[in-house]
1. Please specify each residue of region 47-58 satisfying the condition of being surrounded by 18 or more Cβ atoms within 10 Å (Cβ to Cβ) and more than 23 Å from LEU21 (Cβ to Cβ).
2. Can you tell me which residue is surrounded by the fewest Cβ atoms within 10 Å (Cβ to Cβ) among those in region 59-82 that are part of a helix (DSSP H, G or I), touching a residue at least 24 places away in the same chain (Cβ under 8 Å) and more than 12 Å from the chain's Cα centre (by Cα)?
3. Which one of these is surrounded by fewer than 16 Cβ atoms within 10 Å (Cβ to Cβ), modelled with pLDDT of 90 or more, out of contact with any Leu (no Cβ under 9 Å at 6 or more places or on another chain) and more than 14 Å from VAL59 (Cα to Cα): LEU21, LEU29?
4. Which of the residues spanning region 45-58 are more than 14 Å from the chain's Cα centre (by Cα) and hydrophobic (A, V, I, L, M, F, W, C)?
5. Scan region 141-154 and report the pairs whose first residue is basic (Lys, Arg) and whose second residue is in a helix (DSSP H, G or I), with Cβ atoms within less than 7 Å and a gap of 6+ or a chain change.
6. Considering region 1-16 alone, what residues qualify as being loosely packed, with under 13 Cβ neighbours inside 10 Å and of a type in the set (Phe, Trp, Tyr)?
7. Taking region 99-137, which residues are modelled with pLDDT under 85 and among the hydroxyl-bearing types (Ser, Thr, Tyr)?
Amino acid sequence: MNNVLYRNITRFVVLVLVQVLVLNQINFLGYINPYIYILFVFLYPVKNSRTLFILLSFVLGLCIDLFLDSGGIHAAACVTIAYIRPVVLKFCFGTVYEYQTIKFDNVEFGSKLMYITILTVIHHFILFSLEIFNISKIILILQKTLFSSIFTIILCILVTIIFSRKTK
């Protein structure tokens, strides 16, 4: 129990620091920006309290908002993906999720990729919709969502592969 708690606290702090100190400095072609901090939401244990999880997702987004001075858009996007995560987990992993036995190091790569992709695209669409907040700029919103999502998904997959603990 304590090991899981320490791992989640460390993951939270490290992801916020990497996002704020390194990744926010990347602004490729003016609109491509990776948001790897959402990996905390993806990897948070399924068995833990849902209320605590949504609260932690809000705090995660709020920390990013405080550093970026972005007025709560990251918090809103994080809470949204935290709230819909059970539906996406059931869609991507099926019965493995229903029995609360998901270990992200042991699931199929295709299911993990689909899970990360769905939540990333939803997060980015909400984030950029709130950032731009103008329906006449829907093409820009979709463009930023697509390209930033691709970059974020690639980084998230690489991080999960590099830091995975295969148990065979």
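The values are calculated or read from the model by the stated rules, or taken from the named source; none is laboratory data. All of these numbers come straight from a predicted model, not from anything done at the bench. Cβ: placed from backbone, ideal geometry, glycine included. Neighbour counts: every protein chain shown.
1. PHE53
2. Of all residues in region 59-82, those part of a helix (DSSP H, G or I) come to 59-68, 73-82.
When the remaining residues are screened for being touching a residue at least 24 places away in the same chain (Cβ under 8 Å), the result is 60, 63-64, 67-68, 73-74, 76-82.
Adding the requirement that they be more than 12 Å from the chain's Cα centre (by Cα) leaves 63-64, 67-68, 73, 76.
Numbers: CYS63: 21, ILE64: 23, PHE67: 15, LEU68: 13, ILE73: 20, ALA76: 18.
For region 59-82, the residue satisfying everything is LEU68.
3. Working: LEU29 fails: modelled with pLDDT of 90 or more.
Every option except LEU21 fails the conditions.
4. Looking only at region 45-58, we keep the residues that are more than 14 Å from the chain's Cα centre (by Cα), and these are 46-52, 55.
Across region 45-58, the qualifying residues are VAL46, LEU52, LEU55.
5. LYS144/PHE128
6. Going residue by residue through region 1-16, those that are loosely packed, with under 13 Cβ neighbours inside 10 Å are 1-7, 9-10, 13.
Residue satisfying the conditions is TYR6 alone.
7. TYR99, THR101 - these are the residues of region 99-137 that are modelled with pLDDT under 85 and among the hydroxyl-bearing types (Ser, Thr, Tyr).
Matching residues to (1) assigned to a helix (DSSP H, G or I); (2) closer than 19 Å to GLY61 by Cα; (3) not acidic (Asp, Glu):
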{"residue": "ILE116", "(1), (2), (3)": "yes, yes, yes"}
{"residue": "LEU119", "(1), (2), (3)": "yes, yes, yes"}
{"residue": "HIS123", "(1), (2), (3)": "yes, yes, yes"}
{"residue": "ILE139", "(1), (2), (3)": "yes, no, yes"}
{"residue": "SER149", "(1), (2), (3)": "yes, yes, yes"}
{"residue": "LEU155", "(1), (2), (3)": "yes, yes, yes"}
{"residue": "THR160", "(1), (2), (3)": "yes, no, yes"}
{"residue": "SER164", "(1), (2), (3)": "no, no, yes"}
